[in-house]
Amino acid sequence: MSVAEYLDEVSHAIASRNERLPDWLKAEREQARNRFSASGFPTVRDEAWKYMAPLPMLKRSFMPASTLLPEPPESAARLLEHWFLPDAWVIVLLDGYFAPALSRLDGLAPRVVLTGLNRALSEFPERVRLHSQTARGADASYRHGLFYFNAAVFTDGMYLEIPSGAVLNRPVQLLHISTRAEGLAVTHNLAVLGEGASAQLIETYVSAPGVNCMTSASTGLSLAPSARLEHFKIQAESEQAAHFASLHADQSPSSLLIQHNITLGGSWVRNDIASELRQGAECRLSGLFLGRHRQYIDNHTRIVHAEPHAVSRQEYRGVMMDRSRGVFQGRIVVAPGAQQTSAAMNSRNLLLSPDAEIDAKPQLEILADDVRCSHGFSVGDLAPESLFFLASRGIDAATARNMLIFAFAYERVEQIALTSLRSRVQDRLLDSFPHTDIRRDWL
């Protein structure tokens, strides 16, 4: 099946939805469709994909659901019970569609909008169009075949709009659940923060155990001057799932974005994160990815300092075991005139098997002369001194290794101040060590 034929099949499956879209979005989808038909899926011949091509998508067996399921399957109920955060507003996307009956949106502050993207497009399409264009920004260098595929066929998503000056006293959780074997969930999410607004947004991606499915999620963030957003992305799908996610943030002057990106599941995972910083804006990226068995996890970041006095920090950690493979590729761009830029990027990685592999590639593109930019990368095994120290206190070798690996990874998890979320991520992390003797009351 050719790329064009596959795209025709996916489009046919969601044809009834396309008829209800506003004209401007139909035009955008057609444009994206043409670009995807021309480019196809990325391959290892593309520089940004030379470490891992999207092999699961090349099989082209994943198909989207035509509509929201009338009743959620039993597997969804179990996932909801475990991942539903009691102290958050929760919007649920089930197999690519907004599920209002499963969501909890009551008690939102006045003028805060939190709903499904299709509903937002139906009720106020011009606001969605305006904010969507802003969130995408002018930097098109991160766009590729999978980006256009998402834009051409997304089925639904989340729309969040927080007015100027509003400070949310509870986090917003986007809970994305996949339940169908060989199901394709393609979603587009948009979060808009007005001037001085402040919020926490948690994107959680889970799937039924053992389900072979594909997720394609695109998230756009628009931060007005002095807005503040702490964003979490937790990917904990099954080890048979394929996952592609892109996040693009447009940061106005003096805005702050703190992003936590934690990948603990999936067979093939790709995370693209990009942000454009205006005068005095700040962006902090924190990442953790843990691979085992034959997992492939690929992380790409791109931070553009478009104006002076902006600050960016990146701190990623990777743990690769068995025959897994991980990638961290970070790029910092300092535009001409972006003086007094401060940027730092660091990646530390544990390589715990001779069959595992990790690739790290820092890239600095500096076009201004009064800047401070740095990067650091390391790849290594566990320190023998630490293993000897634990052995000298009667701890067996397997437990000692698990304790050190867990401690290395948990430093990223500890940064999650939300107790309910940290607890669930901690449980998922511990599940990655099936024979561990780490006691939860030590944590």
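The values are calculated or read from the model by the stated rules, or taken from the named source; none is laboratory data. Please read all numbers here as calculations on a predicted model, not as lab measurements. Cβ placement follows ideal geometry from the backbone for every residue including glycine, while neighbour counts extend to all protein chains displayed. For accessibility, only protein heavy atoms count, side chains too; no ligands or nucleic acids. Shrake-Rupley method; radii C 1.70, N 1.55, O 1.52, S 1.80 Å.
Compute the relative contact order of the range 93-159 as a whole-number percentage, counting only Cα pairs closer than 8 Å that sit 6 or more residues apart in sequence. Working shown, then result.
On the way: 32 pairs, mean separation 41.6, N = 67.
Dividing the mean separation by the residue count of the range 93-159 yields 62 percent.
Accessible area, 1.4 Å probe, largest first: how do 134, 263 sort? Could you put the intermediate results ahead of the total?
Working: 134 55, 263 0 Å².
Sorted descending by solvent-accessible area, the residues read 134, 263.
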Query raised in the report: GNM on the chain, C-alpha springs below 10 Å: top fluctuator among 49, 24, 268?
Result: 24
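Which order do 321, 214 take by accessible area at a 1.4 Å probe, largest first? Walk me through the numbers before you get to the answer.
Working: 321 30, 214 0 Å².
The ordering from most to least exposed comes out as 321, 214.
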Requested in this report: Hey, can you find the accessible area per residue of the chain for me, probe 1.4 Å, expressed in square angstrom?
Outcome: 39
Requested in this report: Would you work out what percent of the accessible area of the chain, with all protein chains in place, is carbon or sulfur (probe 1.4 Å)?
Outcome: 51
Query - Local electrostatic count at residue 109 - Lys and Arg +1, Asp and Glu -1, tallied over other residues with Cβ under 12 Å - result: 0
Report summary line: Among 230, 74, 203, the residue with the largest mean-square fluctuation in a Gaussian network model of the chain built from Cα contacts under 10 Å is 74
**Report entry** Heavy atoms of residue 94 accessible to a 1.4 Å probe, total area in Å² rounded to 10
**Finding:** 10
Query - GNM flexibility winner over the chain from 249, 383, 185 (Cα, springs under 10 Å) - result: 383
Query - Listed residue (335, 384, 374) projecting farthest to the positive dipole end of the range 321-389, Cβ model - result: 335
Report summary line: Reported to the nearest 10 Å², residue 239 has, with a 1.4 Å probe, an accessible area equal to 50
Report task. Divide by every residue of the chain the summed helix terms, -39500 (n - 2.57) for each DSSP H run of at least 4, and state the resulting mean residue ellipticity at 222 nm, rounded to the nearest 500 deg cm²/dmol. Result -> -7500 deg cm²/dmol
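Below 9 angstrom from the Cβ of residue 89, what's the summed charge of the other residues (Lys, Arg +1; Asp, Glu -1)?
Working: positive: 104, 170; negative: 106.
Within the 9 Å Cβ shell, the charges total +1.
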**Report entry** Projected area averaged over orientations for the range 188-337, convex hull of C-alpha atoms, nm²
**Finding:** 8.1
Query raised in the report: Tell me, what is the 1.4 Å probe accessible area of residue 176, in Å² to the nearest 10?
Result: 0
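Of all DSSP beta bridges in the chain, what percent run antiparallel (nearest 5)?
Details: 7 of 142 bridges.
In the chain, approximately 5 percent of DSSP beta bridges are antiparallel ones.
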Query - Cα centroid of the range 253-295 to Cα centroid of the range 79-149, whole Å - result: 19
Requested in this report: May I ask for the net charge around residue 251, where only other residues with Cβ less than 9 Å from the Cβ of residue 251 are counted and Lys, Arg are +1 while Asp, Glu are -1?
Outcome: -2
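Rounded if a/c is under 1.5, else prolate if a/b beats b/c, else oblate: with a ≥ b ≥ c from the C-alpha gyration tensor eigenvalues square-rooted, which is the range 164-234?
Taking the square roots of the gyration eigenvalues as a ≥ b ≥ c, the range 164-234 is prolate.
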Query raised in the report: Looking at the range 98-207, what % of its DSSP beta bridges pair antiparallel, to the nearest 5?
Result: 25
Query - Dimensionless Rg/Rh of the chain - Kirkwood Rh, Rg from C-alpha atoms - result: 0.95
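Taking only C-alpha pairs under 8 Å that are 6+ residues apart, what is the relative contact order of the chain in percent?
Working: 1073 pairs, mean separation 43.7, N = 443.
For the chain, the relative contact order is 10 percent.
Only four residue types carry charge here, +1 at the Cβ of Lys and Arg and -1 at the Cβ of Asp and Glu. Report the dipole size of the chain about the Cα centre in Debye, rounded to the nearest 20.
Details: 44 positive and 49 negative charges, 20 e Å.
The dipole magnitude comes to about 100 debye.
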